[in-house]
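Here's the structure we're looking at; comments come further down.
Read the figures in this text as sums done on the coordinates, not as results from a lab. Predicted model only: the values in this text are computed from it and were never measured. A quick note on method: Cβ atoms are made from the backbone with ideal geometry, for glycine too, and the neighbour counts reach across all protein chains shown.
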Amino acid sequence: MTIPYEAYASIDELGAADRALLEAAIEALKGSYAPYSHFNVGAAVRLADGTVVKGANQENAAYPSGLCAERTAMFAASAQHPGVPFEAIALVCSRDGRLMPDPASPCGACRQVMAQYERLAGKPLRIILGSGGPILAFTGVESLMPLIFNDL
C-alpha cells in the first residue's frame, strides 16, 4: 500500500490558501483547553465558499468527555454553515507554547468524521498536518485511513 502526500519544509512553501488555513489552525491553539495532557491542538476548516472555521481540543476531568480540535472545528463548521461543503482542514499541535517539531495526525474518530464530510462534499478533502518544522498534505481521507467505514 502506498500513501500519496506532499511534504513541505516549512509554512513558507505552502500556497497562499493553505498557508492561511494553517495560520488559522495555529491561531486556534489559543482556544485549546488541555490542563491534563498539556497537548494543545488547533484546527481550521476551509469551506467551499472560502469561510474558515476554527476549533481547538477541549479536555474534561470526566475523560473521555473532551473533544479533539478537528471534530470541534468540523462540527462547528457544519452547524454554523449547514450544507456548505468542506474543502480542506489543517491542524497543528503544541506543547508548552511551542509547536511540535513534527506533524501529528488525527485520531481514528476524527478521520472517520472527515470521511463523512468528504462524502457529503462529493470530493476529496485536503488535509494539512502542520508543525514547527515539516508540513504534510494529503488529498483525501483515504490516504490517512484506507478501508473507511461507509454506511452506504
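Annotations for the structure displayed:
- Subset of the stretch 120-152 [basic (Lys, Arg) and either touching a helix residue (DSSP H, G or I) at 6+ places or on another chain (Cβ under 9 Å) or under 25 Å from Pro64 (Cα atoms) (or both)]: Arg126
- Scope the stretch 5-45; condition among the hydroxyl-bearing types (Ser, Thr, Tyr), part of a strand (DSSP E or B) and either closer than 23 Å to Phe86 by Cα or in contact with a His (Cβ under 6 Å, 6 or more places away or on another chain) (or both); matching residues: Tyr8
- Filter result for Lys123 (basic (Lys, Arg), within 26 Å of Gly15 (Cα to Cα) and touching a strand residue (DSSP E or B) at 6+ places or on another chain (Cβ under 7 Å)): no
- With respect to the conditions (1) assigned to a loop (DSSP other than H, G, I, E, B); (2) within 20 Å of Asp49 (Cα to Cα); (3) of a type in the set (Ser, Thr, Tyr), Ser131 falls short on a single one, namely (2).
- Any chance Gly130 is in contact with a strand residue (DSSP E or B) (Cβ under 9 Å, 6 or more places away or on another chain), on the phi > 0 side of the Ramachandran plot and surrounded by 17 or more Cβ atoms within 10 Å (Cβ to Cβ): no
- Residue identified as of a type in the set (Asp, Glu), touching a residue at least 24 places away in the same chain (Cβ under 8 Å) and either touching a Phe, Trp or Tyr at 6+ places or on another chain (Cβ under 6 Å) or part of a helix (DSSP H, G or I) (or both) among Glu87, Glu118: Glu118
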